[in-house]
Amino acid sequence: MEMSQRRNGKRLVFSERTYHKIVQILSDLLKNSQSQVCLFADMNGYPITYCGNTETIDIFNLTALAAGDFSATAEMAKIIGGEDRFRFIYHEGTSQNIYLCNVGESYLLLIVFDRNVALGMIRILAQRTIEKLSALIEELKKEGENAARFVDDEFRSLLGRQLDSAFGGR
Amino acid sequence: MHVDWLRQEIIFKIVYYGPGLGGKTSNLEYIHAHLDPTMRGELVTLKTKEERTLYFDFLQVELGRINGKKPRFHLYTIPGQIHYGFSRKILLKGADAVVFVADSQRGRMDENLSTLADLEKKLIRQEQTLGTMPWVLQYNKRDLPDVERLSFLQSKLNFLDVPYHEAVAVKGIGVFETLRSTMHLVLAKV
C-alpha cells in the first residue's frame, strides 16, 4: 500500500512507508543505546512512534509534557537572547534520565535511559538519529499531497455511533 | 491528527480555549472523574501555586477499536492568562477542533471577546481562521445568579453560527454534550 502524507494545517501526517522507516531508525537507536524508551514526537504533543519498555509509562502524557518542556525552554532561550531554542534538554534523576532534543523545528526525540548508560554515548547516537530522521522529514516534504486514507466512511460512521453511545447522544 | 500505522491508531487533538477562570480545566476534571477509567488516561495538570493553569492540562480519551483501528482524542486546555501566551500559540498548533469556553457572567463579555479575537489571531498565524477551524461554543457558569441572557451571548459570540451548549462545568452539565458535538465536528472534517 503506497501512501503519501497530507497537510493538516502546517503539520505533516506521515505516510505508512515513511512511518515504517522511522520505526526502524528508532529500533536501531534503542538497541545501540541500551536505553529503555525511545520516542519520536512532534512539537504539538503527538507521539509519532516509540519503542522500548513502555508498559509502565503513559506515553501520551509523557509526550504532551515533553512538548510543553520544549516550548517552555524555547521561551527561556528567547529571554536570555541570542538563542532561538536549546538543542537539547537533559533531566538527570537518581536512577533514570531523560534526554530530549529537537529534530528540525517541528519534531523532538526523547530517550529514557538508566544511570549505567553514558550520557556521551546517548548524545552521539541521538545526533546520528537526528540526521537520519531529518533526511526523512525533508524527503517527506517533497512527496505529493495524496490523502492517507486511514479514515474511510465506514470508520467515520461507526466512530460517530460509538461517540453517541459513550457520551450520551441519540 | 496523527496516524500511528504500527499500532493502527489515529489521534485527534481538541483544544479548550477561553478566558482565564472560565472553566476549561473544570471540563477536563469532570470528564476525568466521570468517564470509565478504561476510556481515559490520567489527567495531567500543570498549575501555579494559585491553582491557575500554567502550561496546559492534558487528558487522553480513547474509544474501542473499529475494524482494528483505535481512535484516541487528546484534550488540552490552554491557560487563559495572557502572560502565558506562548503556551497558547504552541498548543493550538495541530489542533483538529477548538472548544471555546465562554464565561456567561455579566461583566465578562470583554474578556470573552478579546480571547476570541486572540484565538482568531493565532489561527491566522497558522493559516487558518475561525471560519475554517471546527469549533464549538460552550456558555459556562449558567447556574450563577448574574449571567447574561443566552440570546445576548449568542449575538455577541456566535456570529459564525457554530454549535453551542449551555453548561455548568463543575457540575458536569453540558460537559459531555460539548465534547461529543466537538468530536463529531472533528470526524466530519477528516
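Inspect all residues belonging to region B:159-180 and state whether any of them is touching a Pro at 6+ places or on another chain (Cβ under 9 Å), within 12 Å of chain A (Cβ to nearest Cβ), buried (at least 20 other Cβ atoms within 10 Å of the Cβ) and not acidic (Asp, Glu).
Yes: one or more hits.
Please count how many residues of region B:123-154 are in a helix (DSSP H, G or I) and in contact with a strand residue (DSSP E or B) (Cβ under 9 Å, 6 or more places away or on another chain).
Here the count works out to 4.
Of the residues in region B:155-182, how many are assigned to a helix (DSSP H, G or I) and under 19 Å from B:Thr129 (Cα atoms)?
Number of matching residues: 3.
Tell me the residue from B:Phe12, B:Phe56 that is touching a helix residue (DSSP H, G or I) at 6+ places or on another chain (Cβ under 8 Å), at pLDDT below 95, open to solvent by less than 40 Å² (accessible area, probe 1.4 Å) and within 7 Å of another protein chain (Cβ to nearest Cβ), please.
Result: B:Phe56 is the single residue among B:Phe12, B:Phe56 that is touching a helix residue (DSSP H, G or I) at 6+ places or on another chain (Cβ under 8 Å), at pLDDT below 95, open to solvent by less than 40 Å² (accessible area, probe 1.4 Å) and within 7 Å of another protein chain (Cβ to nearest Cβ).
Does any residue in region A:154-170 that is under 13 Å from B:Thr178 (Cα atoms) come within less than 7 Å, Cβ to Cβ, of a residue that is exposed (fewer than 15 other Cβ atoms within 10 Å of the Cβ) and at pLDDT below 90 six or more places away or on a different chain, and which pairs are these?
Pairs found: A:Asp164/A:Arg170.
Please specify each residue of region A:55-73 satisfying the condition of being more than 10 Å from chain B (Cβ to nearest Cβ) and either in contact with a helix residue (DSSP H, G or I) (Cβ under 9 Å, 6 or more places away or on another chain) or open to solvent by less than 10 Å² (accessible area, probe 1.4 Å) (or both).
Within region A:55-73, A:Ala66 is the sole residue that qualifies.
Looking only at region B:15-34, how many residues end up being within 12 Å of chain A (Cβ to nearest Cβ) and open to solvent by less than 10 Å² (accessible area, probe 1.4 Å)?
Adding up the residues that qualify gives 2.
Read through the list (1) without any contact (Cβ under 8 Å) to a residue 24 or more places away in the chain; (2) outside any helix (DSSP H, G or I), then give the number of the only condition that A:Ile79 fails.
(2)
Output the residues belonging to region A:82-117 that are in contact (Cβ under 8 Å) with a residue 40 or more places away in the chain and in contact with a His (Cβ under 7 Å, 6 or more places away or on another chain).
Within region A:82-117, no residue meets the criteria.
Run A:Thr54 past the list (1) part of a helix (DSSP H, G or I); (2) more than 26 Å from B:Thr182 (Cα to Cα); (3) under 15 Å from the mean Cα position of the chain (by Cα) and report the number of the one that doesn't hold.
Tallying (1) part of a helix (DSSP H, G or I); (2) more than 26 Å from B:Thr182 (Cα to Cα); (3) under 15 Å from the mean Cα position of the chain (by Cα), A:Thr54 fails exactly one: (1).
So, of the residues in region A:138-170 that are more than 30 Å from A:Ser106 (Cβ to Cβ) and in a loop (DSSP other than H, G, I, E, B), which turns out to be modelled with the lowest pLDDT?
A:Arg170
I'd like the full set of residues that are within 14 Å of chain B (Cβ to nearest Cβ) and open to solvent by 10 Å² or more (accessible area, probe 1.4 Å), limited to region A:74-100.
Of everything in region A:74-100, those that are within 14 Å of chain B (Cβ to nearest Cβ) and open to solvent by 10 Å² or more (accessible area, probe 1.4 Å) turn out to be A:Ala74, A:Glu75, A:Met76, A:Lys78, A:Ile79, A:Asp84, A:Arg85.
Only residues in region B:96-123 that are over 16 Å from B:Tyr139 (Cα atoms) count as the first member; pair them with residues that are open to solvent by 20 Å² or more (accessible area, probe 1.4 Å) and β-branched (Val, Ile, Thr), Cβ under 7 angstrom, at least 6 apart or cross-chain, and list the lot.
Matching pairs, first to second residue: B:Glu120/B:Thr129; B:Leu123/B:Thr129.
Only residues that are without any contact (Cβ under 8 Å) to a residue 60 or more places away in the chain and assigned to a strand (DSSP E or B): list them for region B:3-38, please.
B:Val3, B:Asp4
Quick test for you: out of B:Leu185, B:Leu130, pick the one residue that is modelled with pLDDT of 95 or more and within 30 Å of A:Ala74 (Cβ to Cβ).
It is B:Leu130.
For A:Gly45, all conditions in the list (1) open to solvent by less than 10 Å² (accessible area, probe 1.4 Å); (2) at pLDDT 90 or above hold save one; what is the number of the exception?
Answer for A:Gly45: the failing condition is (2).
Residue under question is B:Gly41, and the condition is that it be more than 14 Å from every other protein chain (Cβ to nearest Cβ), touching a residue at least 12 places away in the same chain (Cβ under 8 Å) and either within 23 Å of B:Lys93 (Cα to Cα) or open to solvent by 10 Å² or more (accessible area, probe 1.4 Å) (or both); does it hold?
Spelling it out, it is not the case that B:Gly41 is more than 14 Å from every other protein chain (Cβ to nearest Cβ), touching a residue at least 12 places away in the same chain (Cβ under 8 Å) and either within 23 Å of B:Lys93 (Cα to Cα) or open to solvent by 10 Å² or more (accessible area, probe 1.4 Å) (or both).
Hey, among A:Ser35, A:Ser27, which residue is at pLDDT 95 or above, outside any loop (DSSP other than H, G, I, E, B) and not hydrophobic (A, V, I, L, M, F, W, C)?
A:Ser27
The values are calculated or read from the model by the stated rules, or taken from the named source; none is laboratory data. Since we're looking at a predicted model, the values are computed, not measured. All Cβ positions, even for glycine, are placed from backbone atoms using ideal geometry, and neighbour counts span all protein chains on display. To get the accessible areas, we keep the full protein, side chains included, count just its heavy atoms, and leave off ligands, DNA and RNA. Shrake-Rupley method; radii C 1.70, N 1.55, O 1.52, S 1.80 Å.
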